[in-house]
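Colleague: I have a structure I would like to understand better, so I am pasting it below and will then ask my questions one at a time.
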Amino acid sequence: MYVWHLTPDAPRTPVRVTPGDRVAIDVGTWPIEPGQSVWVEVATETASGRRSTMRVAARWQQNGETNSYWRAELPPFAKGDVVRYQVCGLSPAGGVRGPADEFRVGPRLHLALLWHQHQPLYKDTAAPSVRGSYLQSAVRRHALRDYYAMAALVAAYPGIRLTINLTPALLSQIEDYVEHGATDRALELTLTRAEGLTAAEREEILRTFFDAHEAHQIRPHGRYAELLAQARAGRALDAQDVRDLQMWFNLAWFAKEFREGEVRLVTGEVASVQRFVARGRGFTAADVEAMVAEQYKILRAVLPIHRELQERGQIEVATSPYFHPILPLLVDSDAATLDRPGATLPPRFAHADDAEAQVRLAVEDYERWFGRAPRGMWPAEGAVSGDIVPILARHGVRWLASDRGVLARSDGGRLPAHDPDAFCTPYQLRGDDGAVAAFFRDAWLSDHIGFHFQDYDDYAEAAREFLRQVSERFARRLASREDRVLTVVLDGENAWSAYREDARPFLHALYGLLERDTEIETVTFSDWLDGNAARGVRPHPPHSLPPIHELATGSWADEAGSSQGVDLGTWIGEPDENEAWTLLCEVRRHLEASGATPLRSPDAYRAMYAAEGSDWFWWLGTDQESGRDAELDEIFHAHLRGVYLALGEHPPPHVVPHVVPPTVVWTPTCRPASMRSGERLLVRTQGPGSVTWRIDGASPATAPLIPVREPMLAVRHHQRLLGPFPPGAREVRISVRSATGDDGPARQLECMGVLRITESADAAAAYST
């Protein structure tokens, strides 16, 4: 009698055994003869070390040609059980011991989920004081809704393990707020007594304090919605109205948890704005100050909660190069992957020492903040190349993450990135100081959380759909008996503006399902590499992983209008982008020629590194649109000016001209009455619609408003950029028709304006509302 098993005609089902599975052991025997029997001898060792044995008889299933086929069904096992078994047979000729095998009971697939938290450096590096030096308030506002609450939400699900990437540029700004007295323009306007505001300050409040998602952050709050309607209708706001607006602009950004109750923070303080939300209106100056005090409680707790959760082992905190630069472009911009027709390269920027500094500074500050070295890094935008691997390895980085499209282009496109077994396998990259593990994210799953699941009426169904996709596209298609891990990486802050209730129903549903699932188990990246005996995760050290010999240069992004496949064209190659790189090159050459060094002139180099951030280049050109290009361009140039000022020099005018022409913003809540010749006019609304404009006595033109997602706060706007208008133009009349928001119920809004165009240098726009 001959016995076989683990062949195509006699498999084990399933190959990877999860808790509760009934395991089918198929066995083949030869020849066909009466009096045969088949059984399986099973030895089990539990996670606690208890051992047991059993014998399971196999039932005859069928004969095929000269063979007989049998099946033994093993009972369900528990997580962590190690099961060793051997198939045996008996015929009239005697007993036979056949093949033996073993399996460990656990998930079919591990899931490594990474939330990326980042904001660029909004600080004017040339400002003499940190007070008021932050030109945008995005860091503070996201801290209220996302940075603390996202971590606290994970803590509520002890079975969940995930990674949170906190960029040093983000943490340094929070540190400036809580330790160095930093403020931002919006915070200064919030704290200015309504009765003492200048006309220009009141108009700035009307223009900017409705920057929130109308359906999810304004309409749910009756008083905020009332103020928006009042401003749109052109009805004047008195001092009490303005103070209520100062409050609601901030209250709407507090996380749901703080708006609806009291939260005991990890610092021991209790934070809440429930009392203000419940009152709704009639706020006092003391209320404004008390509300801001609640903000600082939350800001102070952001770093401690991440530190505590990492010490507990529930999360891993990863990092990025300090100011979020595209590392491959710093090393050598000529090596950029460009595949868009008409794209050209700017003058070469090749400063590997800057790339090294961005990584080194990130590691140094991480150690200061967390008391340990970082293990992993999400390079800005997942942008990688073979040149950056030795840099990361030299600074102790054990893992990086990028995109599946990079894997598909690596090793000359020979890697089977489409195969779930090959894709759900981290790879080994060799650096001078050891191996670095590379994980590659699935874009479909990442993008569906970021851009699609918010449109579900039932967020529990959206979470179930996520798990269905993980199971059907990956877990149930794996053929290998080796451990596999699926990587999902996405923005962990901007996505939530588009979800109802700050995405809390979706995240609660997602974490709850993942915590209970026996087929899919969450891990941190370091858990996967180092192992976690308490959770039954075996180690997979970087040197044991399959190698990539030629890592492709690319990111997660595929530039709009380019050939299919990830590239770096989003940050370089278009005229505006190349102009910014040309300026960057010139300032970098001047810094080097000045004889300054990072040790002797740290402020100059820090301003230089800040100007190298990816964010300033992302929104230039036509492949991306922010609606705030001029504001972002101003911050970019502030960093360039900061280099010269830190050297004790005046910035030369020819070095730092604006890449983007100055822009006047016109909204239904604040309508400028004049603009300068050469400026552009940005018409912005919160809902879809169209704008009609007429220059002097010319025929009118009409165009639709284009939807954009504002980059810093992920608030959706609709807008149209007009101008610059022809020389000699004296007046532009506009008429705007739009819905009051993206999500119903909505009504049509119609408003008009007239702007005088003046050459006068002091025509800094008079406003009317």
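All of the numbers you see were taken from the coordinates with simple rules; none came from a lab. What you see is a predicted model; the values in this text were computed from it and never measured. Don't worry about glycine lacking a Cβ; one is built from the backbone with ideal geometry, like all the others, and counts go over all protein chains shown.
Colleague: Check every DSSP H run in the chain and write down those whose alpha carbon atoms cover 24 angstrom or more along the long axis and whose mean Kyte-Doolittle hydropathy is 0.0 or greater. Walk me through the numbers before you get to the answer.
Modeller: On the way: long enough: 285-312 (41 Å, -0.15); 352-370 (27 Å, -0.71); 575-593 (27 Å, -0.77); 629-646 (25 Å, 0.09).
Length and hydropathy pass: 629-646.
Colleague: For W666, what residues show an amide H to amide H distance below 5 Å, using hydrogens built from the backbone and excluding near sequence neighbours?
Modeller: The list, which skips near neighbours in sequence, is L682, V683, R684.
Colleague: Farthest toward the dipole's positive end in the chain, which of A630, G536, T44, given Cβ charges of +1 (Lys, Arg) and -1 (Asp, Glu) about the Cα centre?
Modeller: The Cα lying farthest towards the positive end belongs to T44.
Colleague: Ok, one more. Among residues other than S172 whose Cβ falls under 13 Å from its Cβ, what is the net charge (Lys/Arg +1, Asp/Glu -1)? Before the final figure, lay out the partial values.
Modeller: Working: positive: K123, R368, R606; negative: E175, D176, E179, E364, D365.
Combined, the nearby Lys, Arg, Asp and Glu give -2.
Colleague: Specify which residue in the list P598, L392, L6 is farthest towards the positive end of the charge dipole of the chain, using unit charges on the beta carbon of Lys, Arg (+1) and Asp, Glu (-1), about the Cα centre.
Modeller: Final value for the positive-end residue is L6.
Colleague: Taking the Cα centre of the range 155-265 as origin and charging only Cβ (+1 Lys, Arg; -1 Asp, Glu), how large is the dipole, in debye to the nearest 20?
Modeller: Working: 13 positive and 18 negative charges, 84 e Å.
So the dipole magnitude of the range 155-265 works out to roughly 400 debye.
Colleague: Search the structure for amide H atoms under 5 Å from the amide H of S674, placed 1.01 Å from N in the peptide plane, and list their residues when 5 or more places away or on another chain.
Modeller: Long-range HN contacts for S674: R756, A766.
Colleague: I've got another one for you. With no solvent and one point on each alpha carbon, what is the Debye value of log10 I(q)/I(0) for the range 441-584 at q = 0.11, 0.15, 0.20 Å⁻¹?
Modeller: Result of the Debye calculation: -0.61, -1.01, -1.29.
Colleague: I want the local charge near R372. Using Cβ-Cβ distances under 12 Å, sum +1 for each Lys or Arg and -1 for each Asp or Glu among the other residues.
Modeller: Neighbourhood net charge equals 0.
Colleague: Taking only the C-alpha atoms, wrap a convex hull around the range 215-313 and report its volume per residue in Å³ as a whole number. Write down the numbers at each step before the final one.
Modeller: Numbers: hull volume 9.9 nm³, N = 99.
It is 100 Å³ per residue.
Colleague: How far apart, in nm, are two points set 7 Å out from the Cα along the Cα-to-Cβ line at A422 and at K256?
Modeller: 4.2 nm
Colleague: Go ahead and run the numbers for FRET between D334 and M54, Cβ-Cβ distance against an R0 of 56 Å, rounding to 0.05. Provide the component values of the computation, followed by the final result.
Modeller: Details: r = 66 Å, r/R0 = 1.18.
The pair D334/M54 has a calculated efficiency of 0.25.
Colleague: Calculated FRET efficiency, H180 and N63, Cβ-Cβ r, R0 56 Å, to nearest 0.05?
Modeller: It comes to 0.10.
Colleague: I would also like to ask the following. Divide by every residue of the chain the summed helix terms, -39500 (n - 2.57) for each DSSP H run of at least 4, and state the resulting mean residue ellipticity at 222 nm, rounded to the nearest 500 deg cm²/dmol. The partial results should precede the final answer.
Modeller: Working: 23 runs with 239 residues, N = 769.
Helix contribution divided over all residues of the chain: -9000 deg cm²/dmol.
Colleague: Here's something else I'd like to know. Name the lysines eligible as straight-distance cross-link partners of K256: C-alpha to C-alpha under 22 Å, and not fewer than 8 places from it in the same chain.
Modeller: K297
Colleague: Would you mind pulling out the separation of the Cα centroids of the range 451-521 and the range 125-154, in Å?
Modeller: Answer, in whole Å: 28.
Colleague: Dipole of the range 358-439, Cα-centred, from +1 at each Lys and Arg C-beta and -1 at each Asp and Glu C-beta, to the nearest 20 debye? Working shown, then result.
Modeller: On the way: 10 positive and 11 negative charges, 28 e Å.
Dipole about the Cα centre, nearest 20: 140 debye.
Colleague: Sort 441-450, 638-647, 191-200 by the packing proxy (mean of other Cβ within 10 Å over each peptide's residues), most packed first.
Modeller: Values: 441-450: 19.6, 638-647: 22.6, 191-200: 13.2.
Descending mean neighbour count gives 638-647, 441-450, 191-200.
Colleague: Okay, moving on. Can you pull a Stokes-Einstein diffusion coefficient for the range 167-238 at 25 °C (0.890 mPa s), Rh from Kirkwood over Cα pairs, as a whole number of µm²/s?
Modeller: Working: Rh = 14.3 Å.
For these conditions, the coefficient is 171 µm²/s.
Colleague: While we're here: Output wanted: per-residue J couplings in Hz (rounded whole) for the range 3-12, from phi through Karplus 6.51 cos²θ - 1.76 cosθ + 1.60, θ = phi - 60°, x for Gly and Pro.
Modeller: Going residue by residue, I get 10, 9, 7, 6, 10, x, 8, 9, x, 9 Hz, with x marking Gly and Pro.
Colleague: Compute the distance from the alpha-carbon center of the range 159-234 to that of the range 633-684, in whole Å.
Modeller: Spelled out, the Cα-based centre of one part sits 22 Å from the other.
Colleague: Also: Express in nm, to one decimal, how much length is gained between N532 and E308 on full extension, taking 0.36 nm for each residue of separation and deducting their alpha carbon distance.
Modeller: Values: separation 224, 0.36 × 224 = 80.64 nm, distance 1.84 nm.
That pair, N532 and E308, stretches by 78.8 nm at full extension.
Colleague: Rounded to the nearest 0.05, what FRET efficiency do R97 and T622 have when you use their Cβ-Cβ distance and R0 = 60 Å?
Modeller: Details: r = 71 Å, r/R0 = 1.18.
The computed FRET efficiency comes out at 0.25.
Colleague: Could you tell me, in Å, what Rg and Dmax come out for the Cα atoms of the chain?
Modeller: Radius of gyration, then largest Cα-Cα span, for the chain: 30.1, 109 Å.
Colleague: Under 20 Å from the 7 Å Cα→Cβ point of R468, by amide nitrogen: which residues of the range 492-512?
Modeller: Hits in the range 492-512 for R468 at 20 Å: 505-512.
Colleague: I've got another one for you. Of S614, W70, G697, which is farthest on the positive side of the dipole of the chain, counting Cα position, with +1 on Lys and Arg Cβ, -1 on Asp and Glu Cβ, and the Cα centre as origin?
Modeller: Most positive-ward Cα: W70.
Colleague: Ranked highest first by the average count of other Cβ atoms within 10 Å around their residues, in what order do 339-348, 136-145 fall? Numbers along the way, then the final one.
Modeller: On the way: 339-348: 14.5, 136-145: 25.3.
Listed from highest to lowest mean packing, they are 136-145, 339-348.
Colleague: Express in % the proportion of alpha carbon pairs of the range 237-381 at distances exceeding 27 Å. The partial results should precede the final answer.
Modeller: Values: 5340 of 10440 pairs.
In whole percent, the long-distance tail amounts to 51.
Colleague: Please give me the summed charge of the neighbours of D530: other residues whose Cβ is under 12 Å from its Cβ, Lys and Arg +1, Asp and Glu -1.
Modeller: Working: positive: R375, R398, R535, R538; negative: E316, D527.
Value of the local net charge: +2.
Colleague: Measure off 7 Å from each Cα along the Cα-to-Cβ vector at V82 and T344, then give the distance between these two points in nanometres to one decimal.
Modeller: Roughly 6.5 nm, to one decimal.
Colleague: To the nearest 20 Debye, how big is the dipole of the chain about its Cα centre, given +1 on the beta carbon of each Lys and Arg and -1 on that of each Asp and Glu?
Modeller: Working: 82 positive and 104 negative charges, 357 e Å.
That gives a dipole near 1720 debye.
Colleague: OK, next. Between the alpha-carbon centers of the range 281-301 and the range 533-599, tell me the distance in whole angstrom.
Modeller: Here the two parts' Cα centres lie 40 Å apart.
Colleague: Report, largest value first, the span of the C-alpha coordinates of the range 527-642 along each principal axis, in whole Å.
Modeller: 53, 44, 28
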